[in-house]
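Below is one structure, written out as C-alpha cells; comments come after it.
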Amino acid sequence: MEPNNILSLIAPPFPTFVEGNYTEYSSGQVHPNRNGLPYFDVIFVVEGCLYLTEEFQDYVISENEMLILEPYKHHYPTKPCDSETKFFWIHFHYDGIWESSPYPIQLTSSVTMPDLHFHNEDYTIHLKKFQKLSDSKYIYALLQRLLWGTKEEKKSIVFWDNQKRFSQLLKSLEEQSYSKTGAIELAENIELFIKENYASTITNSSLSEAFHFHENYLIRCMKQVFQCTPLEYLANYRLEKASSFLIKTNLSVNDISIKCGFQSPAYFSLCFKRKFLTSPLLYRKSHTGIEYP
C-alpha cells in the first residue's frame, strides 16, 4: 500500500450525502467492479476484510478501518473475501476543488466570499484516504442514524436532518484523520496574522520576531501547507482584498493601494496588472460599469 494520502476538500461548496447501506458478504463474495462512478465512495469495514484495488493500488480494509475511493477512478476486487465481511458504505457528491496529497494542504474556494460585512470563511476539510478508526463505535452510530434517517417520511425535513448528520460524520472523520502538527498550526497562525495585519509593513524579519522562529522555518512551514512563502501569501492576499475594494466600494485607487499596504499607487497598479492582466480602473469598470478615479 502506498503512503497514506490526505484528501483535502474546500468548502464551500459543501459535500452532499447521496446514498448508502449496510452490506454483508459471505466468504467468497467480491465487491462490485466499478468505473466512472461520479461520487466519493467511503467504505467502513465492521467485521472481516475487503480486498480492493483502485486504479493500480491495492488496499486491504480490515475490521474498524475505512477507505475513501475517489470519483471516476476504476476500483475492483483484488480477491474474494476470505471470511464473513460486514461493512457500511456511503456515496457523497462534491463539485468543489479537492486534492490528494501526502500531507494536508489549504485550498482556496472558487466561491467568492464577501469580506466587507459579517461573513463566513472558507474551510478546507482534511480526510485520510485510508485509516484505522480510533472511535469506531461512535462512527458506526453516526452511520446508522444517517441511513435510518433516509427512511423517515417527511422528506423536506429529512434532507436537512440527514445533511446535519452527514456533516457531523465528516467532522468526526476529520478529527480522527490526523492531529495537526506544529508546522501546520504555525502556518495557520501566520495566515491569520497576515489577514489581520496585511495593511501594515510585514517582512520575514518581523514575522520571525512575532513568532519566535527563524525565517527559514517559517518559509518552510508555509510552503508545506500553502505552497507559497509568507510574503507571496501576503502579496496575493493584498491583491485579492484590493480587487474586492474596487468592486464593492467607491474608494479611489490611491486610497485602496494605501489601505492594502502597498508602497505607492504606481507599484500597486503594476502588481495588480501582473495578477489580473488589467489595470485597477479597467478591472473596476468591467465589473461594475463605473469608473471611479
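Looking across Tyr59, Tyr39, Tyr76, Tyr72, one residue alone is hydroxyl-bearing (Ser, Thr, Tyr), farther than 22 Å from Tyr140 by Cα, under 25 Å from the mean Cα position of the chain (by Cα) and modelled with pLDDT of 95 or more. It is Tyr72. Restricting attention to the range 159-184, the residues that are farther than 30 Å from Leu146 by Cβ and surrounded by 13 or more Cβ atoms within 10 Å (Cβ to Cβ) add up to 2.
Residue selection: Gly48 fails the criterion of being surrounded by 14 or more Cβ atoms within 10 Å (Cβ to Cβ), touching a helix residue (DSSP H, G or I) at 6+ places or on another chain (Cβ under 7 Å) and either within 22 Å of Lys86 (Cα to Cα) or touching a residue at least 60 places away in the same chain (Cβ under 8 Å) (or both). Condition check for Thr203 on (1) exposed (fewer than 14 other Cβ atoms within 10 Å of the Cβ); (2) closer than 30 Å to Lys285 by Cβ: one failure, at (2). Just the residues that are over 17 Å from Ile90 (Cα atoms), assigned to a loop (DSSP other than H, G, I, E, B) and of a type in the set (Ser, Thr, Tyr), please, taken from the range 8-66. Those that are over 17 Å from Ile90 (Cα atoms), assigned to a loop (DSSP other than H, G, I, E, B) and of a type in the set (Ser, Thr, Tyr): Ser26, Ser27.
In the range 174-189, the count of residues that are of a type in the set (Phe, Trp, Tyr), within 30 Å of Phe130 (Cα to Cα) and either modelled with pLDDT under 90 or touching a His at 6+ places or on another chain (Cβ under 6 Å) (or both) is one or more.
When only residues in the range 235-268 that are part of a loop (DSSP other than H, G, I, E, B), touching a residue at least 60 places away in the same chain (Cβ under 8 Å) and surrounded by 15 or more Cβ atoms within 10 Å (Cβ to Cβ) count, which is farthest from the chain's Cα centre (by Cα)?
Among those residues, the one meeting the criterion is Gly261.
Each row is one residue, and each column tells you yes or no for (1) surrounded by fewer than 18 Cβ atoms within 10 Å (Cβ to Cβ); (2) over 28 Å from Gln227 (Cβ atoms).
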{"residue": "Gly36", "(1), (2)": "yes, yes"}
{"residue": "Phe40", "(1), (2)": "no, no"}
{"residue": "Phe44", "(1), (2)": "no, yes"}
{"residue": "Glu84", "(1), (2)": "yes, yes"}
{"residue": "Trp89", "(1), (2)": "no, yes"}
{"residue": "Ser101", "(1), (2)": "yes, no"}
{"residue": "Ala141", "(1), (2)": "yes, yes"}
{"residue": "Gly149", "(1), (2)": "no, yes"}
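Of the residues Glu232, Glu191, Glu196, Glu209, only one is surrounded by fewer than 14 Cβ atoms within 10 Å (Cβ to Cβ) and either under 24 Å from Tyr123 (Cβ atoms) or aromatic (Phe, Trp, Tyr) (or both); which? Can you show your working first?
On the way: Glu232 fails: surrounded by fewer than 14 Cβ atoms within 10 Å (Cβ to Cβ); Glu191 fails: surrounded by fewer than 14 Cβ atoms within 10 Å (Cβ to Cβ); Glu209 fails: either under 24 Å from Tyr123 (Cβ atoms) or aromatic (Phe, Trp, Tyr) (or both).
None of the other options fit; the residue is Glu196.
If you go through the range 217-245 and pick out every residue that is under 17 Å from Gln263 (Cβ atoms) and of a type in the set (Ser, Thr, Tyr), you end up with 1.
The values are calculated or read from the model by the stated rules, or taken from the named source; none is laboratory data. A quick note: this is a predicted structure, and the numbers were derived from the prediction, not measured. When we count neighbours, we look across all protein chains shown, and the Cβ atoms used for this are built from the backbone with ideal geometry, even at glycine.
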